[in-house]
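Below is one structure, written out as structure tokens; comments come after it.
Nothing in this text is a laboratory measurement; each read-out follows from the coordinates by a stated rule. None of the values given here were measured: they were computed from a predicted structure. Cβ coordinates were reconstructed from backbone atoms using ideal geometry, including for glycine residues, and neighbour counts include every protein chain displayed.
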Amino acid sequence: MDEDQRHIPTSTTSSGNPSDLAHESPETGGSASPPFGRRVTSYLKTLLFTVLVAFLLKTFVIEAFRIPSGSMENTLLVGDFLLVNKIVYGLKTPRYIPLTNLAIPSFTLPAFGSVRRGDVVVFEYPGRHSDAEGNEPTYYIKRCVGIPGDTVVIRSGQVIVDGREVLPPSHAKSSYAGRARWREAGPNGGSGSVDGNNFGPTIVPKKGDVISLTAGSAAEWREFVEREHHRLEIGSNGKILVDGIETNSYTVRRNYYFMLGDNRGNSLDSRFWGFLPEGNIVGEALVVYWSWDPEDAVGGVQERVSKIRWPRIGTLIR
């Protein structure tokens, strides 16, 4: 790219000769160059301002993520790098102290919009950290198929929401769903063996819903209640206690969503770790800004360049 050429008009002295653009000495009346310390301070201010702007943009507006697994194939491929809009669902304060994994209270300001069915969403894994890799925050990306209040049921791999079938995207990879089984948190947070082909029906909880608790259902809802930072116990007499108070119901504190990977047969999603609380949402996936095949990207520069997926760069995520 050619350098930007700018014309600098020359001023003239009283004698009509062009004046010298270089710095003159104080004795001749010209301006002296700023002291070294002042220039260093100016550079540091510029650097700090740039870092601050970048930090604020990453924290509140937009952030980059990399796709490590094939659960969203072929919407997203392993080796895709994407940008995520963090402000569309509401400006959130950080959930962790910067540069650490220490969790802090987070607050959400009014949103431009809410999560809709079909949105591709990045979020923090809502299950136990022991189920994920390591103790650091783990981020997933899935497609929303159920919003608060929806009824979701899966029969022989067919996803039905409020009585209507939800088809995967036409470009989605089709894997054998029968092998997608994990013994982790079920739809309500309860543990057990889950068949990804046959699931539900289950109602996606919304804020204010009242869940009836019985001796038979309390165990199934225990982890769900604990994820809302409350304690559910079953006393020796069979009575149910929430935070030590006897009750037969529980009022949901947050809105939740039901998430699925586009590659439904090879995706760890709401069928296995439960509903996604709105507070865990990071933002909506926007665009692929870089992509290459990480498995084949070895060798010299030429080989690496040949593995770049040029057609995918700039692809909008739908």
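Structural remarks
- Ranked packing of 161-173, 196-208, most packed first, by mean Cβ within 10 Å: 196-208, 161-173
- Listed pairs K92/K307; K58/K206; K45/K307; K142/K239; K86/K173; K45/K86 exceeding 32 Å between Cα atoms: K92/K307; K45/K307; K142/K239
- Put simply, when 42-48, 287-293 are sorted by average Cβ atoms within 10 angstrom per residue, most first, you get 287-293, 42-48.
- Only Lys, Arg (+1) and Asp, Glu (-1) charged, at Cβ; the stretch 57-101 dipole about Cα centre in debye: 260 debye
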